[in-house]
Amino acid sequence: MRICLVNTFHYRRGGDCTYTFDLADLLRLKGHEVVHFAMRHRENVDSEYSEFFADHIDFGEAFRSRNPIERLKAFTRSLYSGEARQKFGRLLDKTRPDIVHLQNFRRHLTFSVVGAAKERGLPVVFTAHDYDPVCPNSLLLAKGRICTACKGRHFYKAALARCKENSLAGSLAIALEGTFTRFRKYYDLIDVIITPSAFARDRLVDCGFDRAKVRVVHNFIDTGSYTPHYGGEGVIYFGRLVVEKGLDSLVRVGRGMPDVRIIMAGDGPERERLETLSEELAVKSDRGNVEFLGYVDRSRLHRIVSQTMCVAMPSIWYENFPYTVLEAFALGKPVVASNIGGMPEMVADGETGLLFEPGSVRGLDGAVRYLLENPGRVCEMGRKARQRVEREFDAETHYKRIMEIYDSLV
């Protein structure tokens, strides 16, 4: 089978990109041919199909422009890209895939690519890596708090709440884009929507999507490339440093445990503020123990995680099915996670990790202290975590479920 994978970015930038590349490798391993379509970007990895990629656009830069014409052009491009449709059509005509599988594609590539696929009679599958179909800012989060104001796809409320970085212009733009998509019934053109978690599926169904059209297929990981190490010292978070990850609580927990190493591996817009908070707390306690490593390459990251006691995921948003948890499990580490979103589907409380109430510094503190006081349980949970990822979130299980969907449509 020849599968066309569509994703805005063609480099390992986030969970959607990780999934796209891992799925491509898995499909090729099974004898299928994979075709890629994306947006041009200076960090893209090489692709034999890059000549067909859509031109790059930076919406943040465009909407910050004082030129109203530039802002209008950016907004209209986010609704529908004639260029993306034309280039994607050329790619489809040359490669003739059997099926199109979309990842994150809205705003940069737009639903124009779906139109191009349907014009050629191709089935289309879409994996919803976030809550974009039911939330204009994709996170079900506004000003640091869970938000379901747009439930029922009443997207105008996003503008009223200024949920896009507290910007009226940005919030109005995503509200209009969401409303436009709804009234054009673009999602009706998609044959199957995949969600990595049952929680995400239920959010879509609650907002009017047909349950029969939404399938749950968990993300996966190739455990063969991860060597587990059970037990260790310190707590690590790895991933993007962004508001929705709730990392303030981890920094504050570090203040109360001066002898415990707290590691932040990754970068993002919150790094400077978190470093400042850590320094302020260190001054008050006369000791600092939170380390910010910045970006760390994968092999070094695995070595660092392997030496730690556990991985922390103190998120305050509805995490879907984060790769951080899968990687932690593959490395034999229990996960201390917020009891929110899809994470309870991954972290079995008391078996593969510990759950606590989102945003609760006391809850996170108690979970970490429990593991510190029970090193035998740390190893036991780590082994169960590794067993679970091998049994339920492995590549072979994922391949079977994906092919069931592909075969039903082709």
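The values are calculated or read from the model by the stated rules, or taken from the named source; none is laboratory data. What you see is a predicted model; the values in this text were computed from it and never measured. Note that each Cβ is placed from the backbone with ideal geometry, even for glycine, and that neighbours are counted across all protein chains shown.
Which one is modelled with the lowest pLDDT, of the residues in region 169-202 that are assigned to a helix (DSSP H, G or I) and under 20 Å from the mean Cα position of the chain (by Cα)? Even if it seems obvious, please write down each step before you answer.
At the first step, the residues of region 169-202 found to be assigned to a helix (DSSP H, G or I) are 169-183, 186-189, 198-202.
Narrowing further to those that are under 20 Å from the mean Cα position of the chain (by Cα): 174, 178, 198-202.
Values: 174: 85, 178: 88, 198: 97, 199: 97, 200: 97, 201: 97, 202: 96.
For region 169-202, the residue satisfying everything is 174.
Does any residue of region 17-37 turn out to be charged (D, E, K, R), closer than 25 Å to residue 408 by Cα and in a strand (DSSP E or B)? Outline the logic, then answer.
Step one: of region 17-37, the residues charged (D, E, K, R) are 22, 25, 28, 30, 33.
Narrowing further to those that are closer than 25 Å to residue 408 by Cα: 22, 25, 28, 30, 33.
Then keep just the ones that are in a strand (DSSP E or B); that gives 33.
Checked region 17-37: at least one residue is charged (D, E, K, R), closer than 25 Å to residue 408 by Cα and in a strand (DSSP E or B).
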Q. Out of (1) basic (Lys, Arg); (2) closer than 26 Å to residue 244 by Cα; (3) in contact with a Ser or Thr (Cβ under 9 Å, 6 or more places away or on another chain), what's the single condition that is false for residue 362?
A. (3)
Q: Would you confirm whether any residue within region 325-337 is in contact with a Gly (Cβ under 6 Å, 6 or more places away or on another chain) and more than 21 Å from residue 253 (Cα to Cα)?
A: yes
**Q.** Checklist (1) touching a strand residue (DSSP E or B) at 6+ places or on another chain (Cβ under 6 Å); (2) surrounded by fewer than 14 Cβ atoms within 10 Å (Cβ to Cβ) applied to residue 391, failing item
**A.** (1)
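If you go through region 233-251, how many residues are closer than 17 Å to residue 375 by Cβ and crowded, with 22+ Cβ neighbours inside 10 Å?
Going residue by residue through region 233-251, those that are closer than 17 Å to residue 375 by Cβ are 233-236.
In the following step, the residues that additionally are crowded, with 22+ Cβ neighbours inside 10 Å were identified as 235-236.
Matching residues across region 233-251 total 2.
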Q.
Residues that are touching a strand residue (DSSP E or B) at 6+ places or on another chain (Cβ under 7 Å) and buried (at least 22 other Cβ atoms within 10 Å of the Cβ), at least 1 per element: which helices (runs of 4 or more DSSP H) completely within region 81-168 meet that?
A. 82-95, 112-119
Q. In region 169-194, what residues are acidic (Asp, Glu) and exposed (fewer than 14 other Cβ atoms within 10 Å of the Cβ)?
A. 188
Q: Return the only residue of 320, 289 being under 19 Å from residue 233 (Cβ atoms) and either buried (at least 21 other Cβ atoms within 10 Å of the Cβ) or touching a strand residue (DSSP E or B) at 6+ places or on another chain (Cβ under 8 Å) (or both).
A: 289
(Q) Suppose the filter is within 26 Å of residue 400 (Cα to Cα), outside any strand (DSSP E or B) and in the same structural domain as residue 164 (by TED's automatic domain parsing); does residue 12 pass it? (A) yes
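How do the strands (runs of 3 or more DSSP E) wholly within region 222-319 filter down when requiring 2 or more residues that are touching a residue at least 24 places away in the same chain (Cβ under 8 Å) and either among the aromatic types (Phe, Trp, Tyr) or farther than 25 Å from residue 384 by Cα (or both): which remain? Let's see the steps before the verdict.
Working: elements: 235-238, 262-265, 290-294, 310-313.
Hits in region 222-319: 235-238, 290-294.
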Q) In this structure, does residue 327 turn out to be without any contact (Cβ under 8 Å) to a residue 60 or more places away in the chain and in a helix (DSSP H, G or I)? A) no
Q | Single match in 142, 212, 159 (criterion: over 21 Å from the mean Cα position of the chain (by Cα), modelled with pLDDT under 90, assigned by TED's automatic domain parsing to the domain that holds residue 23 and among the aliphatic types (A, V, I, L, M)) | A | 159
Q) Could you list, in sequence order, the residues of region 34-55 that are touching a residue at least 60 places away in the same chain (Cβ under 8 Å) and acidic (Asp, Glu)? A) none
(Q) Which condition from (1) more than 21 Å from residue 341 (Cβ to Cβ); (2) under 17 Å from the mean Cα position of the chain (by Cα) is the one that residue 281 breaks? (A) (2)
Q | Qualifying residue in region 17-31 (condition: over 21 Å from residue 125 (Cα atoms) and either surrounded by fewer than 20 Cβ atoms within 10 Å (Cβ to Cβ) or modelled with pLDDT of 95 or more (or both)) | A | no
Q. Before we move on, is residue 42 assigned to a loop (DSSP other than H, G, I, E, B), under 30 Å from residue 324 (Cα atoms) and not acidic (Asp, Glu)?
A. yes
